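The values are calculated or read from the model by the stated rules, or taken from the named source; none is laboratory data. Keep in mind that this is a model prediction, so the values were computed, not measured. Every residue, glycine as well, gets a Cβ built from its backbone with ideal geometry; the counts of neighbours run over all protein chains shown.
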Amino acid sequence: MTEQQKQLVKSTVPILREHGVSLTTHFYNRMFEHNPELKHVFNMGNQQNKKQQTALAMAVLAYAEHIENPAVLMPVINNIGHKHTSLDIRPEHYAIVGKHLIASIGEVLGGAANSELLEAWALAYQQLADIMSGHEQKIYGQQTAKTGGWAGWRPFVVKQKIKESEEITSFYLYPSDGGAVADFHPGQYLSLRIFLPELNLLQPRQYSISCAPNGIYYRISVKRESGTEHPDGMISNRLHTYIQEGDLIDISAPAGTFVLDEHAESPKVLISGGVGQTPLLSMLEELIAKGDEMKTPITWVHGCRNEGVHAFKDRLVELEQNCTFLKKHIFYDSPAETTADQHKGWVELAMIADDILQDNADYYICGPAPFISKHHNFLLGKGVPKEKIRFEEFGPASLQVG
């Protein structure tokens, strides 16, 4: 791209800040109208709640702002790349997206989008597509190089289906071909896809792996969503109601960048809300499995409504009994009783500051966006370095903190 073309792209930044979601909404409507087959690839729940449109608008804006040095966006590109490989996104998909994105810029901006601007954006998009696709090919290569690794979709058998609480059920997934299961980094997720008769579509969803790597199976633990009219509710309810032991589900290889630093010997503080505990449970099991070697102090902080919806409560007690370096703090909206490690109300880190504010500790937070923001800001306010705080927001990233 020429310097003039880069400046043309940057000139659209104010428009993208103000009208980015309108542009991406137009783009998705256009693309699905002309390429309806892509509805099988995209999460239509995130289309309905506008999370995907917002996430794309933020990404396009960030790219336009950094068009002169897109390398600074590599952490974001890496995160998106993991999501794309989990959905089996391939280079040919970028050509389709590019076609409709450039057309949408012209249609939304109208007379403000002259041929020079559209040409600049077409070149900018191709540059981004090359960066993204190239990075994703590296991730695919890493996945297939592992023992038991693969790319794309692979059928797994549901060998066990276990109810963990009033809302959460675990599914134990074994490869249908009897082959090996690739290791993963604790904190990563799987994508699965199932057919939704209500939408007449295959639909993908990401679920965190809730067990430590074991080489035999993966476990996902799914919360039943409260409504069936929303696509997310359709998926979780279908898993809970219709998917039974012995059924096959297509799974993509483990992916994700919210992962445990397995080699750091610093204290670990794991903070979760509701079903947000699932990736942290994988981390906890792995830390305890390696505990005899590392003796890493661990503090587990979890909040949910009550004991009835508290999944893995007994598992946590079991882990605590076998681990002298694990402390826990549980917050219930309505506890049967309060104790030194069981508290009433929402998670309040200030109440347990003496246990969680440890020198050089690493913090991992997972839950709804307001939950993450609250605790991230508390830790920053207490002087915890930003780089020591990792977090995961389920769904397309919309959260900007710190």
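Of the conditions (1) more than 13 Å from TYR28 (Cα to Cα); (2) surrounded by 19 or more Cβ atoms within 10 Å (Cβ to Cβ); (3) of a type in the set (A, V, I, L, M, F, W, C), ALA71 fails just one. Which one is it?
Failed condition: (2).
How many residues does the range 323-353 contain that are in a strand (DSSP E or B), in contact (Cβ under 8 Å) with a residue 24 or more places away in the chain and more than 14 Å from THR299 (Cβ to Cβ)? Working first, answer last.
Initially, the range 323-353 is screened for residues in a strand (DSSP E or B), giving 326-332, 342-344.
Imposing the further condition that a residue be in contact (Cβ under 8 Å) with a residue 24 or more places away in the chain reduces the set to 326-332.
With the extra rule that they be more than 14 Å from THR299 (Cβ to Cβ), the set shrinks to 332.
Looking only at that region, the number is 1.
Could you please let me know if LEU349 is in contact with a Phe, Trp or Tyr (Cβ under 9 Å, 6 or more places away or on another chain), modelled with pLDDT under 95 and buried (at least 19 other Cβ atoms within 10 Å of the Cβ)?
Values: in contact with a Phe, Trp or Tyr (Cβ under 9 Å, 6 or more places away or on another chain): yes; modelled with pLDDT under 95: no; buried (at least 19 other Cβ atoms within 10 Å of the Cβ): yes.
Here the answer is no, as LEU349 does not meet what is asked.
Considering only residues of the range 17-51 that are more than 19 Å from TYR94 (Cα to Cα) and more than 25 Å from the chain's Cα centre (by Cα), which is surrounded by the fewest Cβ atoms within 10 Å (Cβ to Cβ)?
The initial filter retains those residues of the range 17-51 that are more than 19 Å from TYR94 (Cα to Cα), namely 17-22, 45-46, 48-51.
After this cut, where a residue has to be more than 25 Å from the chain's Cα centre (by Cα) as well, the list is 18-19.
Working: GLU18: 9, HIS19: 16.
The qualifying residue surrounded by the fewest Cβ atoms within 10 Å (Cβ to Cβ) is GLU18.
Can you tell me which condition SER334 does not meet? The list is (1) among the small types (Gly, Ala, Ser); (2) modelled with pLDDT of 95 or more; (3) exposed (fewer than 15 other Cβ atoms within 10 Å of the Cβ), and all the others hold.
(2)
Any chance the range 197-217 includes a residue that's surrounded by fewer than 22 Cβ atoms within 10 Å (Cβ to Cβ), of a type in the set (Asp, Glu) and either in the same structural domain as GLY81 (by TED's automatic domain parsing) or not in a loop (DSSP other than H, G, I, E, B) (or both)?
Checked the range 197-217: no residue is surrounded by fewer than 22 Cβ atoms within 10 Å (Cβ to Cβ), of a type in the set (Asp, Glu) and either in the same structural domain as GLY81 (by TED's automatic domain parsing) or not in a loop (DSSP other than H, G, I, E, B) (or both).
Have a look at ILE251, ILE194 and point out the one that is under 18 Å from the mean Cα position of the chain (by Cα) and over 28 Å from CYS304 (Cα atoms).
ILE251
Considering each of LEU101, LEU128, LEU87, LEU117 in turn, give the residue that is crowded, with 17+ Cβ neighbours inside 10 Å, closer than 30 Å to CYS211 by Cα and of a type in the set (A, V, I, L, M, F, W, C).
Details: LEU101 fails: closer than 30 Å to CYS211 by Cα; LEU128 fails: closer than 30 Å to CYS211 by Cα; LEU117 fails: closer than 30 Å to CYS211 by Cα.
So the residue among LEU101, LEU128, LEU87, LEU117 that is crowded, with 17+ Cβ neighbours inside 10 Å, closer than 30 Å to CYS211 by Cα and of a type in the set (A, V, I, L, M, F, W, C) is LEU87.
Here is a yes/no grid of residues against (1) among the hydrophobic types (A, V, I, L, M, F, W, C); (2) under 19 Å from the mean Cα position of the chain (by Cα); (3) in the same structural domain as CYS366 (by TED's automatic domain parsing):
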residue	(1), (2), (3)
GLY246	no, no, no
LEU260	yes, yes, no
THR278	no, yes, yes
SER282	no, yes, yes
GLU286	no, no, yes
GLY291	no, no, yes
THR296	no, no, yes
ASP314	no, no, yes
LEU326	yes, no, yes
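Okay, residues lined up against (1) of a type in the set (Gly, Ala, Ser); (2) in contact with a Phe, Trp or Tyr (Cβ under 8 Å, 6 or more places away or on another chain); (3) in the same structural domain as HIS135 (by TED's automatic domain parsing):
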{"site": "GLN52", "(1), (2), (3)": "no, yes, yes"}
{"site": "GLY81", "(1), (2), (3)": "yes, no, yes"}
{"site": "ALA95", "(1), (2), (3)": "yes, no, yes"}
{"site": "GLY98", "(1), (2), (3)": "yes, yes, yes"}
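Within the range 171-182, restricting attention to residues that are touching a residue at least 40 places away in the same chain (Cβ under 8 Å) and within 23 Å of the chain's Cα centre (by Cα), which residue is nearest to ASP261 (Cα to Cα)? So that I can check it myself, show each step before the final result.
Of all residues in the range 171-182, those touching a residue at least 40 places away in the same chain (Cβ under 8 Å) come to 171-174, 176, 182.
Applying the additional criterion that residues be within 23 Å of the chain's Cα centre (by Cα) yields 171-174, 182.
On the way: PHE171: 26, TYR172: 25, LEU173: 25, TYR174: 26, ALA182: 19 Å.
The residue in question is ALA182.
Just name the residue that is surrounded by the fewest Cβ atoms within 10 Å (Cβ to Cβ) out of those in the range 354-369 that are in a loop (DSSP other than H, G, I, E, B) and within 19 Å of the chain's Cα centre (by Cα). Talk me through it step by step, then tell me what you get.
Step one: of the range 354-369, the residues in a loop (DSSP other than H, G, I, E, B) are 357-361, 367-368.
Cutting the leftovers down to within 19 Å of the chain's Cα centre (by Cα) gives us 367-368.
Numbers: GLY367: 25, PRO368: 16.
Within the range 354-369, the match that is surrounded by the fewest Cβ atoms within 10 Å (Cβ to Cβ) is PRO368.
Is there any pair with a first residue in the range 36-55 that is free of Cβ contacts under 8 Å to residues at least 60 places away in the same chain and a second that is assigned to a helix (DSSP H, G or I) and of a type outside the set (Ser, Thr, Tyr) whose Cβ atoms are under 6 Å apart and which are 6 or more apart or on different chains, and what are they?
Qualifying pairs under 6 Å: GLN53/VAL21.
Specify which of the listed residues (HIS240, HIS302, HIS263) is part of a loop (DSSP other than H, G, I, E, B) and either touching a residue at least 12 places away in the same chain (Cβ under 8 Å) or under 30 Å from HIS135 (Cβ atoms) (or both).
Details: HIS240 fails: part of a loop (DSSP other than H, G, I, E, B); HIS302 fails: part of a loop (DSSP other than H, G, I, E, B).
Answer to the selection: HIS263.
Are any residues in the range 35-63 basic (Lys, Arg) and in a helix (DSSP H, G or I), and if so, which ones? Before you say what the answer is, go through the steps one by one.
Step one: of the range 35-63, the residues basic (Lys, Arg) are 39, 50-51.
Matches in the range 35-63: LYS39, LYS51.
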